[in-house]
Amino acid sequence: MGLFDSIRGEFIDIIEWTDDSRDTIVWRFPRHDNEIKMGAKLVVRESQTAVFVNEGRIADVFQPGTYTLQTQNMPLLSTLKGWKYGFDSPFKAEVYFVTTRQFTDMKWGTQNPVIVRDPEFGMVRLRAFGAYAAQVVDPAALLRELAGTDPQFRTEEVQQYLRQLIVGKLGGALATAGVPMLDLATQQEAIGTRLAGVLSEELKPVGIAVPKFIIENISLPPEVEEAIDTRSRMGIAGNLDQYTQFRAADALSTAAGTPGNGVGEGMGLGLGMAAGQRMAAALTPQPAAPAPAPAAAPAAGPPPLPVQEQWFIGVNGTQQGPYDRAALSGLVSAGTLTRATLIWKDGMSGWLPAEQIPDVGGLFAAVPPPLPPQA
């Protein structure tokens, strides 16, 4: 028997895994054809779980700790092997170590924009990116659904699947958040917390949870950002005329201060000439202004017509008018304007019944008052 055959025939008496990587989720203990000795030591470190698989079937799962493998602490494997009354001979089984710590270096981003409906800007395309943490919460489910018999299952093998799931859920989360687009930056943490719960529930069948989901940035299309910048500038400027004058003065000042610029030199010359003219005008005594010529007497003619009064009345809660005095008389005859009708004209502090206004009360002289109520 050669040296290699003698090594292959040895029994395994210590089963452990020292993880020297940062991206390994599942690692299969390299048993090859060696058999595990009954009474071997199993060392499961913190943030690890050991899963025994026998002939393709998941048997026992060991949490962190040090174990001496006996039939008593391997009940499922003992049942599968048929060890009803104890068994001390070596046995064969695959041992998978599953990392249960959080993988915090997972990145996500929207390759294509997500379309959402905003109450102020309408249909808007949003892009976003950030990071998240993934953690195995059910090692057996992970082996059944994702890892399989992979001897070294890494984060890169599941990261694309998680990224697609995140992008698929992001649009719905943003659409149902009920947050205006301009306020998304203040609600990123709340939206991330909600998405973490949704993703954890979605990944529960494969044994993975998302304890932390971070939205680092939500970006808008350039045209929307430009519209927001324009609206902000207008809000800061306040008065549009003053803003226009300010921008024009700022542009002229910039042009005037640019050396070698014809516009600046021309402006400087013009400003200098204007200053000289103002100084000369200030030093030169101004002649007294001639006395104004007497105004010509206006041509003889009739005086202007008096301004007609403009009255408004309230009928059935609706304002009607304006009416002159002759029109009011016609409304009285037609029964539209009564003594109790509210009426108003310029100069009055408020609406009053027509009979309380002397200028209008005379119109009711020939109109009898309403009959008293009949018994």
Test: residue in the stretch 24-33 that is out of contact with any strand residue (DSSP E or B) (no Cβ under 8 Å at 6 or more places or on another chain) and modelled with pLDDT of 85 or more: yes
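Test P180 against the criterion of being touching an Asp or Glu at 6+ places or on another chain (Cβ under 8 Å), surrounded by fewer than 17 Cβ atoms within 10 Å (Cβ to Cβ), farther than 21 Å from T24 by Cα and not polar (S, T, N, Q), and give yes or no.
Numbers: touching an Asp or Glu at 6+ places or on another chain (Cβ under 8 Å): yes; surrounded by fewer than 17 Cβ atoms within 10 Å (Cβ to Cβ): yes; farther than 21 Å from T24 by Cα: yes; not polar (S, T, N, Q): yes.
When the stated conditions are applied, P180 passes them.
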Output the residues belonging to the stretch 318-353 that are small (G, A, S) and farther than 18 Å from Q308 by Cβ. S333, A334, G335, A340, S349, G350
Could you check how many residues of the stretch 23-63 are without any contact (Cβ under 8 Å) to a residue 24 or more places away in the chain and open to solvent by less than 60 Å² (accessible area, probe 1.4 Å)? 2
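Got a sec? Which of A141, A133, A128 is out of contact with any Asp or Glu (no Cβ under 7 Å at 6 or more places or on another chain), modelled with pLDDT of 85 or more, under 30 Å from E189 (Cβ atoms) and in a helix (DSSP H, G or I)?
Working: A133 fails: in a helix (DSSP H, G or I); A128 fails: in a helix (DSSP H, G or I).
Exactly one residue qualifies, and that residue is A141.
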In the stretch 84-123, how many are closer than 18 Å to D60 by Cβ and either open to solvent by 60 Å² or more (accessible area, probe 1.4 Å) or in contact with a Phe, Trp or Tyr (Cβ under 6 Å, 6 or more places away or on another chain) (or both)? 9
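Search the stretch 158-168 for residues being open to solvent by 50 Å² or more (accessible area, probe 1.4 Å) and either closer than 12 Å to F103 by Cβ or of a type in the set (S, T, N, Q) (or both), and hand back the single one that is farthest from the chain's Cα centre (by Cα). So that I can check it myself, show each step before the final result.
Step one: filter the stretch 158-168 for residues open to solvent by 50 Å² or more (accessible area, probe 1.4 Å), giving 160-161, 163-164, 168.
Add one more test, that the residue is either closer than 12 Å to F103 by Cβ or of a type in the set (S, T, N, Q) (or both), and what stays is 160, 164.
Working: Q160: 25, Q164: 20 Å.
The selected residue is Q160.
For the condition at pLDDT below 75 and open to solvent by less than 40 Å² (accessible area, probe 1.4 Å), what is the one hit in A249, A209, A255?
On the way: A249 fails: open to solvent by less than 40 Å² (accessible area, probe 1.4 Å); A209 fails: at pLDDT below 75.
The unique qualifying residue is A255.
Counting residues that are in contact with a Gly (Cβ under 8 Å, 6 or more places away or on another chain), which strands (runs of 3 or more DSSP E) fully inside the stretch 309-355 reach at least 2? Show your work before the answer.
On the way: elements: 311-315, 318-323, 342-345.
Strands (runs of 3 or more DSSP E) meeting the threshold: 311-315, 342-345.
The values are calculated or read from the model by the stated rules, or taken from the named source; none is laboratory data. Everything numeric in this text was worked out from a predicted model, so none of it was measured. So basically every Cβ, Gly included, is an ideal-geometry build from the backbone, and we count neighbours across all protein chains shown. Remember, those area values only see protein heavy atoms, side chains included, never the ligands or the DNA or RNA. Shrake-Rupley method; radii C 1.70, N 1.55, O 1.52, S 1.80 Å.
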